[in-house]
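Novice: Got a structure here, written out as structure tokens. Questions coming.
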Amino acid sequence: MSVRMGLSAVLFFSLCPVCLCGEHSLEDRLAPLAKDHKGKVALAVKNLETGESYYFNADEVMPTASLIKIAVLIDLYQQAQEGKLKLTDRVVLRAADKVPGSGILTEHFSDGAEFSLRDAARLMIAFSDNTATNLVLERVGIKSVNERTKAWGFPETRINAKVFRGSKTSVDPERTRRFGLGSTTAREMVGILEQLQTGDRLRPFYKQAVLNHLSKNADKDKFKRMLPSDAVVNHKDGSTSDTRTDAGLILAPGGIVAVCVLTTNNSDRRWQSDNAGNLLCARVAKEVYEHFSIVETSKPK
């Protein structure tokens, strides 16, 4: 081999997309993370612009924890679009409404506090507020949320009851027992996100409002944890003692990517930032972002 040819070869291999060489594909990046996790894992990833995708146990029905609040949010805004309610409708916080867990209403708002249905939705997503979620569900109805996801083509994505009110409000006691607050599959959740981003079920005003809510999610332990500080992530996460989940739209240099990570039966049940489920969500998001950053930078100019 001549010196010129040798240098050309080095230059080619330094510039060519590693994914085209059979290395560092989405599967190469993500499968080891899923297989090493001590717990049950399902993943789904789809670049909504190129179609490149990866699925791992993606049709397994899994608990969602608070991730299911995405479905509640979508139904709220579709009902508003249909004229069944107004986002300016007022809700009043009562002592009986307050439930434990994530959020700020229970600890920081007085009985009788009044705010709009839109603000309740903001609290439901930004702070995963459980009390706010129940106030929204009181207006839209649990059955309506499930009918909506079924109509969109996602029958396994279901909310089973109000938060911390399963014994009194469950619409499916067996699913409540098996999955807790809600259930989905990784494939279905990515499908919902794809329809939200690219479909026309929600008119632009309502679609943008839903995406804006998801962009305000305050959680920094999962998808956002290892991404650049300026990365845009429209997502909702969830946590219980043995479950960690996150799903959303990551705006990578190489396209908008729908991502869902579901874990349950986790060995690590600590309520700490470095919980293994949190870290898995973070590492998946990082690998996805980097993969589609490399793809973008390797495109011919």
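Novice: Out of the residues in segment 243-278 meeting the condition of being of a type outside the set (A, V, I, L, M, F, W, C) and crowded, with 24+ Cβ neighbours inside 10 Å, tell me which one is nearest to Glu52 (Cα to Cα).
Specialist: Just the residues of segment 243-278 that are of a type outside the set (A, V, I, L, M, F, W, C), to begin with: 243-246, 248, 253-255, 263-270, 272-275, 277-278.
Now narrow it down to the ones that are crowded, with 24+ Cβ neighbours inside 10 Å: 243-246, 248, 263, 277-278.
Values: Thr243: 28, Arg244: 25, Thr245: 22, Asp246: 20, Gly248: 16, Thr263: 23, Gly277: 25, Asn278: 25 Å.
Among those residues, the one meeting the criterion is Gly248.
Novice: Every residue in segment 229-274 that is in contact with a Leu (Cβ under 6 Å, 6 or more places away or on another chain) and more than 18 Å from Ala186 (Cα to Cα), please.
Specialist: Within segment 229-274, Val232 is the sole residue that qualifies.
Novice: Can I ask one more? What are the residue pairs meeting all of these: first residue in segment 148-161, first residue under 18 Å from Gln79 (Cα atoms), second residue of a type outside the set (D, E, K, R) and surrounded by fewer than 20 Cβ atoms within 10 Å (Cβ to Cβ), Cβ atoms under 7 Å, and 6 or more apart or on different chains?
Specialist: Pairs that qualify, where the first residue is under 18 Å from Gln79 (Cα atoms) and the partner is of a type outside the set (D, E, K, R) and surrounded by fewer than 20 Cβ atoms within 10 Å (Cβ to Cβ), are Trp152/Gln195.
Novice: Give the residue that is modelled with the lowest pLDDT, with candidates limited to residues of segment 6-51 that are touching a helix residue (DSSP H, G or I) at 6+ places or on another chain (Cβ under 9 Å) and small (Gly, Ala, Ser).
Specialist: Gly22
Novice: Kindly list the number of the only condition in (1) without any contact (Cβ under 8 Å) to a residue 12 or more places away in the chain; (2) of a type outside the set (Val, Ile, Thr); (3) surrounded by 20 or more Cβ atoms within 10 Å (Cβ to Cβ) that fails for Ala65.
Specialist: Of (1) without any contact (Cβ under 8 Å) to a residue 12 or more places away in the chain; (2) of a type outside the set (Val, Ile, Thr); (3) surrounded by 20 or more Cβ atoms within 10 Å (Cβ to Cβ), only one is false for Ala65: (1).
Novice: While we're here: Select, from Asn212, Asn234, the only residue that is at pLDDT 95 or above, touching a Ser or Thr at 6+ places or on another chain (Cβ under 8 Å) and under 30 Å from Lys86 (Cβ atoms). Let's see the steps before the verdict.
Specialist: On the way: Asn212 fails: touching a Ser or Thr at 6+ places or on another chain (Cβ under 8 Å).
Selected residue: Asn234, the only one of Asn212, Asn234 that is at pLDDT 95 or above, touching a Ser or Thr at 6+ places or on another chain (Cβ under 8 Å) and under 30 Å from Lys86 (Cβ atoms).
Novice: Sort out which residues of segment 69-92 are more than 11 Å from Leu202 (Cβ to Cβ) and not in a helix (DSSP H, G or I), and write them in order of number.
Specialist: Gly83, Lys84, Leu85, Lys86, Leu87, Thr88, Asp89, Arg90, Val91, Val92
Novice: Looking at (1) within 11 Å of the chain's Cα centre (by Cα); (2) more than 25 Å from Asp36 (Cα to Cα); (3) aromatic (Phe, Trp, Tyr), can you tell me which one Phe223 breaks?
Specialist: (2)
Novice: Only one of these is closer than 28 Å to Asp200 by Cα and within 18 Å of the chain's Cα centre (by Cα): Val136, Val140, Val145. Name it.
Specialist: So the residue among Val136, Val140, Val145 that is closer than 28 Å to Asp200 by Cα and within 18 Å of the chain's Cα centre (by Cα) is Val145.
Novice: So, Phe127, is that one surrounded by 14 or more Cβ atoms within 10 Å (Cβ to Cβ) and free of Cβ contacts under 8 Å to residues at least 24 places away in the same chain or not? Spell out the reasoning first.
Specialist: Values: surrounded by 14 or more Cβ atoms within 10 Å (Cβ to Cβ): yes; free of Cβ contacts under 8 Å to residues at least 24 places away in the same chain: no.
Here the answer is no, as Phe127 does not meet what is asked.
Novice: Could I ask something else about it? Starting from segment 176-202, take each residue that is within 17 Å of Glu147 (Cβ to Cβ) and touching a residue at least 24 places away in the same chain (Cβ under 8 Å) and list its partners that are outside any helix (DSSP H, G or I) and among the basic types (Lys, Arg), counting only C-beta distances under 8 angstrom and pairs at least six apart or across chains.
Specialist: These pairs meet every condition: Gly182/Arg158; Ser183/Arg158; Thr184/Arg158; Gln195/Arg201.
The values are calculated or read from the model by the stated rules, or taken from the named source; none is laboratory data. In this text the structure is predicted, and so the values were computed from the model without any measurement. Virtual Cβ from ideal backbone geometry, glycine too; neighbours counted across all protein chains shown.
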